[in-house]
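The values are calculated or read from the model by the stated rules, or taken from the named source; none is laboratory data. In this text, all values refer to a predicted model and were calculated from it rather than measured experimentally. Cβ: placed from backbone, ideal geometry, glycine included. Neighbour counts: every protein chain shown.
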Amino acid sequence: MGQSNLVINVDVGETRVALLEEGALAELYIERTRERSPVGNVYLGKVTRVLPGMQAAFIDIGLERAAFLHVEDVVNPHIDDDEGEDESDGGDEDAKPAGRSKRLTRETPIGDVLKEGQSLLVQVAKAPIGTKGARVTSHISLPGRYAVLTPTVDHVGVSKRIGRDRERKRLKEIIEALKPAGMGVIIRTVASGLTKKSLKQDIAYLLRTWEEIQNKVKATRKAPALIYADLDLIARSMRDLLSDEVTKIVIDDEDECERLMRFLGAFAPTKAELVRLYRGTEPLFDEYGIEDEIARSLARKVPLPSGGYLVIDQAEALTAIDVNTGRFTGKGKSVNETIVQTNLEAAREISFQLRFRNIGGLIVLDFIDMERSTDRDRVFQKLLEHLKKDKAKTTAVRISELGLVEMTRKRTQESLGRLLNAPCFYCDGTGMLFSKTTVAHEILRQIKREKDALPGYGIVVNAHPAICDALERDEKESVKEVAARVRRRIRCVPHNDYHLEQYDLNGE
């Protein structure tokens, strides 16, 4: 495994954390003071609506929009804490049932377990995305440095990324001896090779956190209320991104550097020596070439090393990625070899783009058509190989004869593109405008519609300068013909502050 660096830029109202792998930007996280993500926060919410037809409920947790809770994410009220079941979340293959389930099934009528006005402890699993509110669950999970505590679901799990069977078995035996009755613990990848003492300290910290949450719930008189806030971006990055491959942590703010050192001293003492305070004159992200990489990686058209390129279009619920050969001719190779090489490069770049941009939901990849099934299998396997680096859960269907791959990637928050960008106020996010000729002809049609309602002997067209120019030059003859038909003089008045598609008519 190659070396990695964590680069932390602290600015007024915004913090950015970049993960560099072998010197190349791999992941970017941004947190703004006014727009901090609620993912991981625990709230005492209030049930505002129960929807039997959807087997779901809306929960007021104090955010702008009500949160969504599905019946399968509700704790079974008829099971006591000592009767839990181990229910794997899909991230571990070694979990085994230990009792009756605290999870409700899809068939359980939600009206039987939730009532409007009821208070309910929930955790945000997915941040609000677009027009959708947050997705919440009653099954709380508290992540630590080495383990994740699941107070409402009794199971023992070990990360699949720990591949050695002997180590997995050792860690399971340790956790089974340490975990509290009725609760569950999932071992994270960074715990590989860890001693029982270190795991015990981490679990003890998580148990104290859970006890504090329960005490605050008892002291809270009115819902909605924030009960527990997850760590901020810097601390969260140390918890989730600080692996054995990280050899350096660079931060450009002295106060935050001191806070980071204190946090690591308590959370991961052996990693505190990796922290470096950046004192250069150039902005930190410029020094590491990260700003240029962000601009390149967020473009709609992304170049490939050989000269081909990707085109990435993100819609509301679906992202389409198209692969093109561009100017790549293969340098004497056969057409088939050229196509396969471009697709192999695309497989690598696509996996990076999905991870870097944090694109989630349904994704369709349009590779260049390949005649041989062996070539399609080769490209697909290469795609799966690169996707293994992604922490988010991905599922992909084998390449079809048309070169299409349908896949999904777990989405918990807005993509980087939607976080950094906003719909264009000029085109309203469509990326398209009516052409000047189209607008000019629409004006001429409107003149014929409104001629009788406009007073005077002339008609004034107020429009964008480019539209006036098109009417006076390109469509000069058309304007003369319309003027003759309506028996009115037509005059154009340019307005620099008008939208290209904006116009109005006045009589004179």
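Taken over segment 176-195, the criterion of being under 34 Å from the mean Cα position of the chain (by Cα), hydrophobic (A, V, I, L, M, F, W, C), surrounded by fewer than 22 Cβ atoms within 10 Å (Cβ to Cβ) and not in a loop (DSSP other than H, G, I, E, B) is satisfied by Val190 alone. Counting only residues that are surrounded by 13 or more Cβ atoms within 10 Å (Cβ to Cβ) and in contact with a Pro (Cβ under 7 Å, 6 or more places away or on another chain), segment 476-503 holds 1 of them. Checked against (1) surrounded by 13 or more Cβ atoms within 10 Å (Cβ to Cβ); (2) out of contact with any Asp or Glu (no Cβ under 9 Å at 6 or more places or on another chain); (3) under 28 Å from Pro180 (Cβ atoms), Ile251 meets all criteria but (3). Within segment 215-236, the set of residues being farther than 30 Å from Val17 by Cα and surrounded by 13 or more Cβ atoms within 10 Å (Cβ to Cβ) comprises Lys216, Val217, Thr220, Ala223, Pro224. Would you mind telling me which numbered condition in (1) at pLDDT 90 or above; (2) at negative phi; (3) of a type outside the set (Asp, Glu) Ala98 fails? Going through the list (1) at pLDDT 90 or above; (2) at negative phi; (3) of a type outside the set (Asp, Glu), Ala98 breaks only (1).
Scanning segment 1-25 for residues that are surrounded by fewer than 17 Cβ atoms within 10 Å (Cβ to Cβ) and of a type outside the set (S, T, N, Q) yields a total of 9. Could you tell me whether any residue of segment 438-453 is touching a Lys or Arg at 6+ places or on another chain (Cβ under 9 Å) and surrounded by 13 or more Cβ atoms within 10 Å (Cβ to Cβ)? Yes, the conditions are met somewhere in segment 438-453. Scan segment 454-475 for residues that are more than 47 Å from the chain's Cα centre (by Cα) and surrounded by 11 or more Cβ atoms within 10 Å (Cβ to Cβ) and the total you get is 7. Selection within segment 109-133: residues that are among the charged types (D, E, K, R) and not in a strand (DSSP E or B). The member of this set that is farthest from Ser37 (Cα to Cα) is Asp112. Within segment 296-325, the set of residues being assigned to a loop (DSSP other than H, G, I, E, B) and in contact with a helix residue (DSSP H, G or I) (Cβ under 8 Å, 6 or more places away or on another chain) comprises Leu298, Leu304, Pro305, Ser306, Gly308, Thr325.
Quick check on segment 424-444. Is at least one of its residues among the basic types (Lys, Arg) and within 22 Å of Ile30 (Cβ to Cβ)?
no
Considering every residue within segment 444-460, establish whether at least one is free of Cβ contacts under 8 Å to residues at least 40 places away in the same chain and within 30 Å of Arg300 (Cβ to Cβ). No, every residue in segment 444-460 fails to be free of Cβ contacts under 8 Å to residues at least 40 places away in the same chain and within 30 Å of Arg300 (Cβ to Cβ).
Assess whether Glu316 counts as being assigned by TED's automatic domain parsing to the domain that holds Lys393, surrounded by 14 or more Cβ atoms within 10 Å (Cβ to Cβ) and not polar (S, T, N, Q). The answer is no for Glu316. Do we find a residue being of a type outside the set (Gly, Ala, Ser) and on the phi > 0 side of the Ramachandran plot anywhere in segment 416-435? Within segment 416-435 (the criterion being of a type outside the set (Gly, Ala, Ser) and on the phi > 0 side of the Ramachandran plot), the answer is yes, since at least one residue qualifies. None of Glu293, Glu256, Glu273 is in a helix (DSSP H, G or I) and within 25 Å of the chain's Cα centre (by Cα) except Glu293. In this structure, Val482 qualifies as in a helix (DSSP H, G or I), in contact with a strand residue (DSSP E or B) (Cβ under 9 Å, 6 or more places away or on another chain) and not assigned by TED's automatic domain parsing to the domain that holds Gln353.
Residue-by-condition table, conditions (1) touching a strand residue (DSSP E or B) at 6+ places or on another chain (Cβ under 7 Å); (2) at pLDDT 90 or above; (3) not small (Gly, Ala, Ser):
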residue: Phe356; (1), (2), (3): yes, no, yes
residue: Leu362; (1), (2), (3): yes, yes, yes
residue: Arg376; (1), (2), (3): no, yes, yes
residue: His386; (1), (2), (3): no, yes, yes
residue: Asp390; (1), (2), (3): no, no, yes
residue: Ala396; (1), (2), (3): yes, yes, no
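For Gln341, the requirement of being assigned by TED's automatic domain parsing to the domain that holds Thr394, in contact (Cβ under 8 Å) with a residue 40 or more places away in the chain and assigned to a helix (DSSP H, G or I) is not met. As a summary of the residue check, Ser198 satisfies the conditions (1) assigned to a helix (DSSP H, G or I); (2) crowded, with 20+ Cβ neighbours inside 10 Å; (3) more than 27 Å from the chain's Cα centre (by Cα) except for the one numbered (2). Within segment 329-383, the residues that satisfy the criterion of being closer than 30 Å to Leu420 by Cα and small (Gly, Ala, Ser) are Ala346, Ala347, Ser351, Gly360, Gly361. Summed over segment 348-376, the residues that are more than 21 Å from Ala295 (Cα to Cα) and assigned to a helix (DSSP H, G or I) give a count of 4.
crowded, with 18+ Cβ neighbours inside 10 Å and touching a helix residue (DSSP H, G or I) at 6+ places or on another chain (Cβ under 7 Å), is that true of Gly265? No, not satisfied. Of all residues in segment 4-52, exactly one satisfies the criterion of being free of Cβ contacts under 8 Å to residues at least 40 places away in the same chain, in a strand (DSSP E or B) and closer than 30 Å to Thr220 by Cβ, namely Arg32.
Residue by residue through segment 193-235, note down the ones that are charged (D, E, K, R) and either in contact (Cβ under 8 Å) with a residue 12 or more places away in the chain or in the same structural domain as Gly265 (by TED's automatic domain parsing) (or both). Before you say what the answer is, go through the steps one by one.
Filtering segment 193-235 down to residues charged (D, E, K, R) leaves 196-197, 200, 202, 208, 211-212, 216, 218, 221-222, 230, 232.
Result: Lys196, Lys200, Asp202, Glu212, Lys216, Asp230, Asp232.
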